[in-house]
Amino acid sequence: MTITGEGSRSASRWWCCSQKAPNHHQLARDSRKRTRHRTTHKRRESAMKRTKTAATTTTARMEGTVVPSILELPPTDSCSHTSFNYKFYRYQYLRPVAILYIALAVILANVSAFEPDFVYPLENVTVAKGRDATFTCVVNNLGGYRVSGEATPARVAWIKADAKAILAIHEHVITNNGRLSVTHNDYNTWTLVIRNVKMEDRGVYMCQVNTDPMKMQTAFLEVVIPPDIIYEETSGDMMVPEGGSAKLICKARGYPKPKIVWRREDGREIIARNGTHGKMKATIVEGEMLSLTKVTRSEMGAYMCIASNGVPPSVSKRLKLQVHFHPLIQVPNQLVGAPLGTDVTLICNVEASPKAINYWQRENGEMIISNERYLMNENESSMYAVQMTLVIRKLHKSDMGGYKCISKNSIGDAEGTIRLYEMELQKKTKSAHRVNSVEDTSGNDEINSTPNIDQSDESNKIHKNGRLYKGLQAGEHDLISSSTSDASVRVGPVTLWPLVVGALALALSHGNTPRVRC
């Protein structure tokens with residue numbers, strides 16, 4: 001009879017060691033023993049294979065960790081009782097240690113290498129109303145993790161924390177809000193998108209992973225609204241009398257609450273007055289209400305109300321302040337002289353609000369109409385100031401006299417008067433030069449000084465371009481010298497003959513009788 005397998009080796013060892021011929025009963029017992037050994041051996045080999053497979057898998061999953069295979073035993077001598085006992089005890093005591101070691105390695109691998117974690121923190125988002133908001137959640141090691149007690153893997157959920165409402169799980173949106181959507185890049189990034197954001201979307205949002213225990217991170221969605229002027233509660237253009245008070249009001253909505261500042265459109269300073277601090281001047285004034293007291297005409301103009309809250313764009317409204325007062329006329333030159341045949345300009349400065357009707361009139365009440373000889377014009381220098389000009393061409397004798405500039409508005413009227421006179425200019429002659437030379441040799445200072453005094457008065461009335469200039473101007477010295485020479489000629493024939501007769505009488509009294517040929 002041939003015996004194979006582990007039982008044959010055991011029987012061989014037992015046979016060679018006992019050195020006795022077994023009987024039939026002994027052989028039967030040996031056969032049953034071999035059968036039991038064969039079954040036990042197969043079970044051990046199966047257990048060893050399963051343990052070795054688990055150890056290999058664990059070694060492959062653990063990074064840089066090598067589990068030594070303690071189940072590989074060295075070959076032993078088939079006839080050695082010592083080798084047989086060593087192998088038996090080795091299996092008996094080391095197998096539980098190996099199993100515990102492998103289980104511990106698997107647990108550590110699952111805890112350290114496959115626990116889901118967040119890569120980046122969830123960032124707060126600030127977005128204007130009507131725009132889109134996006135939250136991005138990045139989670140690693142989520143695919144291989146299994147929820148405790150369940151066969152399904154861990155998933156990412158989006159929750160509105162302050163409302164305790166679940167918005168989405170993985171890629172499936174649960175809420176009925178059609179403006180929400182979730183996308184996943186099939187790796188580790190989940191994105192929550194909120195389109196056309198409204199004020200009710202403001203709050204705390206949570207990215208949650210259903211691990212045991214649960215992991216989460218939160219961020220805040222801030223919804224801002226750009227400023228907008230509330231026209232129903234904001235002042236419009238305003239009219240006040242001079243010396244009165246005005247209150248300009250400007251209100252705006254938005255989130256955060258807008259800040260209101262005032263400034264003048266022309267860049268000039270705003271004059272604010274109150275009882276405690278008196279008068280204050282500032283380029284910019286803050287507050288919803290701008291209070292102006294004892295308003296003057298210089299404060300008339302456009303005021304800008306500007307609202308801003310850090311969310312672009314800022315908005316503004318233009319308010320026009322109109323200050324009413326009766327007309328006021330200032331005449332730079334009330335007496336104007338010009339020669340005949342020349343052009344002359346008459347000027348009046350008018351201040352009036354509301355806008356006045358301005359016209360020219362002769363002193364006899366005759367209104368002047370614009371034509372080829374009379375040219376009238378108005379130039380605005382500010383909101384309430386106008387310069388009236390009247391140009392008279394080719395002066396006639398009949399143009400001399402008084403002129404009135406008149407201004408009328410709904411509050412009152414005013415007028416200014418200008419008198420126009422003729423200025424005579426005479427030419428130089430050779431006889432005047434000869435007479436002047438005789439006067440100079442006579443040494444009579446009184447005669448020469450008389451016409452100069454008259455001419456000094458006349459020099460203050462010299463007209464040039466419609467203005468009255470005092471003193472000498474460039475190019476006017478010749479006019480004065482010409483007038484002086486002509487005055488000497490007129491005076492010469494009257495005053496020189498008595499001087500000649502006096503000189504002859506003085507000569508005769510000294511005994512010198514000169515011959516005079518007539």
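Residues in segment 400-422 that are part of a strand (DSSP E or B) and open to solvent by 80 Å² or more (accessible area, probe 1.4 Å): K408, D413, E415, R419.
So is G178 open to solvent by 30 Å² or more (accessible area, probe 1.4 Å), at pLDDT below 95 and part of a loop (DSSP other than H, G, I, E, B) or not? Spelling it out, G178 is indeed open to solvent by 30 Å² or more (accessible area, probe 1.4 Å), at pLDDT below 95 and part of a loop (DSSP other than H, G, I, E, B). Within the set D266, D212, D237, the sole residue that is open to solvent by 70 Å² or more (accessible area, probe 1.4 Å), farther than 30 Å from L328 by Cα and not small (G, A, S) turns out to be D212. On inspection, E372 fails the criterion of being open to solvent by less than 90 Å² (accessible area, probe 1.4 Å), among the charged types (D, E, K, R) and over 15 Å from G401 (Cα atoms). Checking each residue in segment 19-66 for being open to solvent by 50 Å² or more (accessible area, probe 1.4 Å), at pLDDT below 60 and either in contact with a strand residue (DSSP E or B) (Cβ under 8 Å, 6 or more places away or on another chain) or not acidic (D, E) (or both) picks out Q19, K20, A21, T56, T57, A60, R61, G64, V66.
In contact with a His (Cβ under 8 Å, 6 or more places away or on another chain) and surrounded by fewer than 16 Cβ atoms within 10 Å (Cβ to Cβ) - does that describe any residue in segment 328-344? The answer is yes; a qualifying residue exists. As a summary of the residue check, Y384 satisfies the conditions (1) at pLDDT below 95; (2) out of contact with any helix residue (DSSP H, G or I) (no Cβ under 6 Å at 6 or more places or on another chain) except for the one numbered (2).
One residue stands out in segment 387-399 among those that are assigned to a helix (DSSP H, G or I) and of a type in the set (D, E, K, R): the one that is farthest from A352 (Cα to Cα), namely K397.
Being within 30 Å of P227 (Cα to Cα) and surrounded by 14 or more Cβ atoms within 10 Å (Cβ to Cβ) is a property that S316 has.
Tell me the residue from A133, A165 that is at pLDDT below 95 and closer than 23 Å to V223 by Cα, please. The match here is A165. On the given criteria, is T183 open to solvent by 70 Å² or more (accessible area, probe 1.4 Å), part of a strand (DSSP E or B) and farther than 30 Å from L248 by Cα? Answer is yes for this residue. Residue check: N110 meets all listed conditions (1) assigned to a helix (DSSP H, G or I); (2) modelled with pLDDT of 65 or more; (3) open to solvent by less than 80 Å² (accessible area, probe 1.4 Å) but one, namely (2). For E222, the criteria (1) among the charged types (D, E, K, R); (2) surrounded by 12 or more Cβ atoms within 10 Å (Cβ to Cβ); (3) part of a loop (DSSP other than H, G, I, E, B) hold in every case but one, which is (3).
The values are calculated or read from the model by the stated rules, or taken from the named source; none is laboratory data. Computed from a predicted model, the values in this text were never measured in an experiment. Neighbour counts are summed over all protein chains in view; Cβ atoms, including those assigned to glycine, are modelled from backbone coordinates with ideal geometry. When the accessible area is computed, the model is the full protein with side chains, heavy atoms only, and any ligands, DNA or RNA have been set aside. Shrake-Rupley method; radii C 1.70, N 1.55, O 1.52, S 1.80 Å.
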